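Data block below; observations after.
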Amino acid sequence: MNPEVFPCRDKYFEQTMWQRKDLLGLEELSPEEIRQVLSIAESFKEVSTRGIKKVPALRGKTVVNLFYEPSTRTRVSFEVASKRLSADVINIAIEASSVKKGETLIDTGRNIEALKADIIVVRHGSSGAAEMLARHVGVSVVNAGDGWHEHPTQALLDIFTLKEKLGKIKDLKVSIIGDIAHSRVARSNIWGLTKLGAKVTVCAPKMLIPPGIEEMGASVTHNLDEALKDADAVNVLRMQFERDENTAFPGRLQYFKTFGITQARLDKANKDIIVMHPGPINRGVEMSSEVADGVNSVILEQVTNGIAVRMAVLFLVSAVREEKNETIN
Ligand code: CP
């Protein structure tokens, strides 16, 4: 096939370590597998700069977006990525689906499989939902965020953006600030970054640091200035007020005063510090608008990079199923 229309073909066949039909989390991936996704995403990034932003890599395949929780970036990004790969895309509107009549996740997944889809991209409020679905269907499952557990493609696009900006991941000092307790983004970033040799610090009030974070390889501080000092990058997380069952959260103003990223605070950090946020931002809670829209911010570049990273993931899980089917046939 012409590499002009299928830019990562050679990279895929040179580096065939990816053998997974699903992408469920970064905890289970090896550093080599993470590097393979990043490398293929690099090739796919160029596709979005073409006049005709399409390659035929997934022509004839069907991707179903099954989102049980709200999403702007991830859902649209998977849809754009699928279309750039020439796949057909179906978005299931949960509110108008038989989920409202009590259909289970597994039954929904099996019916999507019976409709001959190839990949289900699932977001769900329960940790472990993507893994459970993957065990019950033969089609590929890509986790687009499950409860507090993992959001692997968000972390991959964060890491991709860091590597693009700073040229490497090994030995980078990355501070993750905010609601670590409820954050699947934090968990996936910690797994991914530490596997690639970065030094990760998490910073939050005590009630927003869950147990077991240090065992994952991250250092903990409750002092924002300490987290910013010498950091190459900060990844600032959204306060997930909708998950606050125990009213454990500090007030918004109080939080901003102690943990909010302001220009005055950034001025005391490394002048080239990279500011990231997975979105959506609570402006005036996690960071000021001046910082969100300022020169250190790469927040919208993260969103753009999400397309290439998700193209790489969809391509890899699909290629594995294709290979297995060829072997069976
Ligand atoms: N970063 C992220 O997951 O955003 P959405 O909830 O809009 O998908």
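Computed over the alpha-carbon atoms, the stretch 152-303 gives an Rg to Rh ratio of 0.92, Rh here being the Kirkwood radius from the mean inverse distance.
Here the stretch 198-215 is scanned for amide nitrogen atoms under 15 Å from the site 7 Å beyond the Cα of residue 166 along Cα-to-Cβ, giving 198-203. Taking other residues whose beta carbon is less than 15 angstrom from the beta carbon of residue 216, and scoring Lys, Arg as +1 and Asp, Glu as -1, yields -1.
Between residue 301 and residue 323, the modelled label-to-label distance comes to 3.3 nm, taking each label 7 Å out from Cα in the direction of the beta carbon. Applying the Karplus relation 6.51 cos²θ - 1.76 cosθ + 1.60 with θ = phi - 60° to the stretch 147-164 yields 3J(HN,Hα) values of x, 9, 7, 8, 9, x, 6, 5, 5, 5, 6, 5, 5, 4, 5, 4, 5, 5 Hz, where x marks Gly and Pro.
Helical runs (DSSP H, four residues minimum) scored at -39500 (n - 2.57) apiece and divided by the length of the chain put the mean residue ellipticity at 222 nm at -12000 deg cm²/dmol. For the chain, pairs of C-alpha atoms spaced more than 26 angstrom apart make up 46 percent of the total.
Taken over the stretch 187-229, the alpha-carbon convex hull comes to 62 cubic angstrom per residue. Pairs of C-alpha atoms in the stretch 130-189 farther apart than 14 Å represent 62 percent of all such pairs.
Just so you know, all these numbers are worked out from the coordinates, no wet-lab data involved. Just so it is clear, the structure is predicted and the values come from calculations on it, not from any experiment. Neighbour counts are summed over all protein chains in view; Cβ atoms, including those assigned to glycine, are modelled from backbone coordinates with ideal geometry.
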